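The next block holds one structure in the form of structure tokens; read it before the comments.
The values are calculated or read from the model by the stated rules, or taken from the named source; none is laboratory data. All values derive from a computational prediction rather than experimental measurement. Note that we place each Cβ from the backbone using ideal geometry, even for glycine, and neighbour counts take in every protein chain shown. We work out accessible area using only protein heavy atoms, side chains counted, and drop any ligands, DNA or RNA first. Shrake-Rupley method; radii C 1.70, N 1.55, O 1.52, S 1.80 Å.
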Amino acid sequence: MSRTAGKPDAKTKLLDAALRVIRTKGYNATTVDELCAAAGVTKGAFFHHFKTKDDLAVAAAEHWSQITGALFASAPYHDHADPLDRILAYVDFRKALLQGEVPDFTCLVGTMVQETYDSIPALRAACDRSISDHAATLEADIQAVIETRGIAPDWTPASLALHTQAVLQGAFILAKAKGGPAVAAQSIDHLRRYLELLLRWPEKIDKS
């Protein structure tokens, strides 16, 4: 049976439900029954598309990457002419996304990998791809800043791009612990100040 135009099929409904439910409950606490209920599909439909919950989670990580990738690709921070301004505007954009309840702004793949990094290798790899691929979108601008400002770092653009994600994922953990976005916003503010010191005024960093 062909899907009705404009309406998601059962697989997409399950993937969308996974984004909501897992960010709310965590991966291990989420059941197939809950995912089916949230998606409004039967268990038969679930097992038609996915052999196990782990298979769904791997697909959900890719689904998350596609959705967030489109969001970031069209974000206004790309409009800045200067690469450093783009990097700082990216950080500002991440702070602006701290809206709603904790599950609304925290990261699906960060949530899943914290619980499964040692127990489900395929899911760990899927989460790593999602986080690392997003970090890689910052590398060209970081390299451009290095070149245009004549910085001679003892670190690589890839390592700094991954560091931004480490701060953001840590900020999400703190938001979960504190029950709200305020502490995450403060962590992102610190990240912005650090990037300015490192990239705009590197001579102000004490290298002793």
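The table below lists the values:
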read-out: Matching residues in the range 1-33 - criterion: being polar (S, T, N, Q), at pLDDT 95 or above and loosely packed, with under 14 Cβ neighbours inside 10 Å; value: Asn28, Thr31
read-out: The range 170-193 - residue that is open to solvent by 50 Å² or more (accessible area, probe 1.4 Å) and of a type in the set (A, V, I, L, M, F, W, C) and, of those, nearest to Tyr77 (Cα to Cα); value: Ala182
read-out: Flag for Gly100 being without any contact (Cβ under 8 Å) to a residue 40 or more places away in the chain and within 13 Å of the chain's Cα centre (by Cα); value: no
read-out: Residue in the range 60-77 that is in a helix (DSSP H, G or I), in contact with a helix residue (DSSP H, G or I) (Cβ under 6 Å, 6 or more places away or on another chain), over 19 Å from Gly110 (Cα atoms) and open to solvent by less than 20 Å² (accessible area, probe 1.4 Å) present; value: yes
read-out: Selection within the range 91-106 - among the basic types (Lys, Arg) and loosely packed, with under 13 Cβ neighbours inside 10 Å; value: none
read-out: Matching entry among Phe50, Phe46 (being touching a residue at least 12 places away in the same chain (Cβ under 8 Å), out of contact with any Cys (no Cβ under 6 Å at 6 or more places or on another chain) and hydrophobic (A, V, I, L, M, F, W, C)); value: Phe50
read-out: Candidate set: the range 155-169, residues that are polar (S, T, N, Q) and touching a residue at least 40 places away in the same chain (Cβ under 8 Å); chosen: the one least open to solvent (accessible area, probe 1.4 Å); value: Thr164
read-out: Residue list for the range 126-154, restricted to those being assigned to a helix (DSSP H, G or I) and either surrounded by fewer than 14 Cβ atoms within 10 Å (Cβ to Cβ) or of a type in the set (S, T, N, Q) (or both); value: Ser130, Ser132, Asp133, Ala136, Ala140, Gln143, Glu147, Thr148
read-out: Index of the failed condition, Glu196 passing every other in (1) part of a helix (DSSP H, G or I); (2) open to solvent by 80 Å² or more (accessible area, probe 1.4 Å); (3) more than 27 Å from Ala70 (Cβ to Cβ); value: (2)
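Residue-by-condition table, conditions (1) part of a loop (DSSP other than H, G, I, E, B); (2) closer than 30 Å to Ala166 by Cβ:
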residue	(1), (2)
Asp16	no, yes
Asp33	no, no
Leu56	no, yes
Tyr90	no, yes
Leu98	yes, yes
Thr111	no, yes
Gln114	no, yes
